[in-house]
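Just so you know, all these numbers are worked out from the coordinates, no wet-lab data involved. Owing to the predicted nature of the structure, the values given are computational and were not obtained by experimental measurement. Virtual Cβ from ideal backbone geometry, glycine too; neighbours counted across all protein chains shown.
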Amino acid sequence: MRHLISTADLDAISANLLLDTAERLKQALLGREVRKLPTLRGRTVVTLFYEDSTRTRVSFEIAGKWMSADVINVSARGSSVAKGESLRDTAATLAAAGADCVIIRHPASGAAQRLVDWGGSINLAQRAPSVVNAGDGIHEHPTQALLDAATLRERLGSIAGRRIGIVGDVLHSRVARSNVFLLTTLGAEVVLIAPPTLLPVGVADWPCQVGHHLDAELAGLDAVMMLRVQAERMRGGFFPSAREYSIGYALTQRRLDMLPEHAVVLHPGPMVRGMEIASLVADSPRSAVLEQVRNGVHVRMAVLYHLLAGAPEDRG
Amino acid sequence: MASSWRARGDQPGVVSTELLSAADVARTIARIAHQIIEKTSFEPSNAADVVLLGLPTRGVPLARRLAAAIAEFTGGAPGVGILDATLYRDDLRRRPARSLEPTALPDGGVDDRLVVLVDDVLFSGRTVRAALDALRDHGRPRAVQLAVLVDRGHRELPIRADYVGKNVPTARAEQIAVLLTEVDGRDAVLLRRPQEADRQGGTGRPGGTG
């Protein structure tokens, strides 16, 4: 593995390898006084964030540091990006400065892939950095999907054959897209549940089912993943009012009771309590929100391990 | 993925000699168990003071068998666990990323206990070095000892075993294959040498990773 751009690039073998590695890293660190592994000593990891983030950035930084990589954080604010430097020049600068891995979050879909393409053309003595997509526009967020899968595997015991509902603003959600590919690759059945205005064009071609009525689907789900309504990406009316959205698609206590006993509630965060998820539900033992964050660190360690620890497989 | 160096079935172009039969393996394990009891002054009343940590892959069933033998001989069961040292290896960058094996320490960890690392073959000593480093991050044992079924020589580090099942002088091009029922379906120790004996070879690192 050289880069991680999309979960569609992962086959079942490599996806399971990443999840197994994450689980073993978690075991290896469990109850330890010294949460530090020497595995990535001397490797330099740069997080390049053009959008705000708490959990993704922090967990990538912790993941790198627990494996002894040198982690440097660059945010658009406070860097030369604010002076007008292009993404391409910033990327070339980081590569020239010696980054082994660039973790990028960018508002434009496809930004991470551009970095990979440019890496091949930048003429450097050393090899181009590995690129990890930490969210590009409304395209993909592969490590989020991996940590969701890790959490589901932990809570449910298995993913194959499970039915998982993804509810809410699918249109603007890179999390939904990454999860649809990954979870179906792992053998799950995915159903997207959203008002028609919040489903992307072409969703019929995705490897999943589509529904519009949350209440009708709940009883058949093993897990329900609530998505945040991404007001910052919305121009125009996607639904009449926040209240009306909540009535149709929020996970309330009443709806929680309609889920099977074993079903798990996931949310990629940040949660807007009262909008897509009721506070009581978010804090209930059925919710795995904080486990998701914890697993996020181990999953990102696994990704960095497989990208950076071994011998280079190819140059380019 | 480390599949090629784990292949322990019969291979074409390789001559295999059986060094230990299934009965020999059983006897050897019993002998090492007795030596551990003697050398650690094993007390059934304080059995958890001794912890056997198997190094994956075949050190794990070996550690379990040693613990079972010690329990049979003394009536006290020592702690057993698994220590995967892959993340501490010094040759990670020389090959594609390896998959990790599980790690599981007994309840109470390793602090102030006597830890016996258990592996199938002692070769370069690099796996044991990595395991010592890993162990240090898990706690501070009172002492650490090493038990191996076969010592084949060719040490690259100042490491020696406290308990050795069998010393086997080997050429670098030869391979020692320890077969255990839990992993391979039968018990045996084989010496394998390539038919066109390339005794000076040894550029590769066949079998027994250390």
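Within the stretch B:34-47, which residues are surrounded by fewer than 18 Cβ atoms within 10 Å (Cβ to Cβ) and under 21 Å from the mean Cα position of the chain (by Cα)? Within the stretch B:34-47, B:His34, B:Gln35, B:Glu38, B:Lys39, B:Thr40 meet the criteria. Of all the criteria given as (1) within 20 Å of A:Ile166 (Cβ to Cβ); (2) under 18 Å from the mean Cα position of the chain (by Cα), the one not satisfied by A:Met301 is (1). Would you please name the residue that is surrounded by the fewest Cβ atoms within 10 Å (Cβ to Cβ), looking only at residues in the stretch A:1-15 that are of a type outside the set (Gly, Ala, Ser) and more than 10 Å from every other protein chain (Cβ to nearest Cβ)? Per the stated criteria, the residue is A:Asp11.
Residues that are out of contact with any His (no Cβ under 6 Å at 6 or more places or on another chain), within 14 Å of another protein chain (Cβ to nearest Cβ) and part of a loop (DSSP other than H, G, I, E, B) do occur in the stretch A:87-106, at least one of them.
The criterion of at least 2 residues that are touching a helix residue (DSSP H, G or I) at 6+ places or on another chain (Cβ under 9 Å) and of a type in the set (Val, Ile, Thr) is met, among strands (runs of 3 or more DSSP E) falling completely within the stretch A:201-316, by A:264-266. For the stretch B:87-109, a residue qualifies if it is facing chain A (nearest Cβ under 9 Å) and out of contact with any Ser or Thr (no Cβ under 8 Å at 6 or more places or on another chain), and the qualifying residues are B:Arg93, B:Arg94, B:Arg95, B:Pro96, B:Ala97, B:Pro102, B:Thr103, B:Ala104, B:Leu105, B:Gly109. Inspection of the stretch A:31-46 finds a residue satisfying the criterion of being touching a Gly at 6+ places or on another chain (Cβ under 6 Å) and surrounded by fewer than 21 Cβ atoms within 10 Å (Cβ to Cβ). In this structure, B:Val50 does satisfy being among the β-branched types (Val, Ile, Thr), in contact with a Ser or Thr (Cβ under 8 Å, 6 or more places away or on another chain) and farther than 30 Å from A:Leu304 by Cα. Among the residues of the stretch B:37-85, those that are of a type in the set (Asp, Glu) and out of contact with any Asp or Glu (no Cβ under 8 Å at 6 or more places or on another chain) comprise B:Glu38, B:Glu72. Filter the stretch B:66-95 down to the residues that are in contact with a Pro (Cβ under 9 Å, 6 or more places away or on another chain), surrounded by fewer than 19 Cβ atoms within 10 Å (Cβ to Cβ) and not β-branched (Val, Ile, Thr) and list them by number. If the condition is that a residue be in contact with a Pro (Cβ under 9 Å, 6 or more places away or on another chain), surrounded by fewer than 19 Cβ atoms within 10 Å (Cβ to Cβ) and not β-branched (Val, Ile, Thr), then B:Ala71, B:Gly75, B:Gly76, B:Ala77, B:Arg93 are the ones that fit. Scanning the stretch B:52-107 for residues that are free of Cβ contacts under 8 Å to residues at least 60 places away in the same chain and part of a strand (DSSP E or B) yields B:Gly79, B:Val80, B:Gly81, B:Ile82, B:Ala104.
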